[in-house]
Amino acid sequence: MIFKFVVISGEEESFLREFELDENNTLLDFHNILQEELEYDRSQMASFFTTSKMWEKEEEFTLFEMGTNTTPMEEVIIDDILIEDHQKLLYVFDMFNERILFIECIGEVEATEGRSYPVCTMSQGKPPQQVKFPNFTKASASLSDDDDDEADDDIIGNKDPDLSDFENLEDYEDS
């Protein structure tokens, strides 16, 4: 049996991919074809989650054993997680910023003779950038000791306090 999946992004409106997977493919197979198709760096962490019909996370599937409450992708057969019609999955591809792709199984299709699975059958639009560093800019990367003292300011603009006399919590006086 071959399952057809649609993949969309909440960031890139024109992005759409369709994949076909054999019922015996694993989530690791799906991860690998996603990485290849989207030209993502395979050294980055990623996870799949099964979800409710309202896209609420349920069970997590990781690249490798991560302890309790997770299952490695290589141990999960596609047919085993498709427990309801139009099963939804989330693919977290940027772990630091919780950026995701929305995946839905839209049904079964006939196997195409001579085709290897998994396979991307439709590709539209540019995929979202794999990793984003929201507060990182070229200017912030070039800060040096020559810059003004603003680099020592905290988030609200206050200067770092003078802690030269502070040795431990007993030295702290609540004012």
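Points worth noting:
- Distance between the modelled labels on ASP41 and THR70, one decimal in nanometres: 1.9 nm (7 Å Cα→Cβ projection).
- Residues in region 75-116 that a label on MET54 would reach, taking backbone N under 16 Å of a point 7 Å out along Cα→Cβ: 88
- Cα shape, region 2-124, gyration tensor, a/c 1.5 rule: rounded
- With the charge dipole of region 2-124 set up from +1 on Lys and Arg Cβ and -1 on Asp and Glu Cβ about the Cα centre, the Cα lying farthest toward the positive end among the listed residues ALA111, MET66, ILE100 is that of ILE100.
Here, each number is a calculation from the coordinates, and none is a lab measurement. No experiment lies behind these values; they were computed from the predicted model shown. Counting neighbours? That spans all protein chains shown, and the Cβs are built from the backbone with ideal geometry, glycine included.
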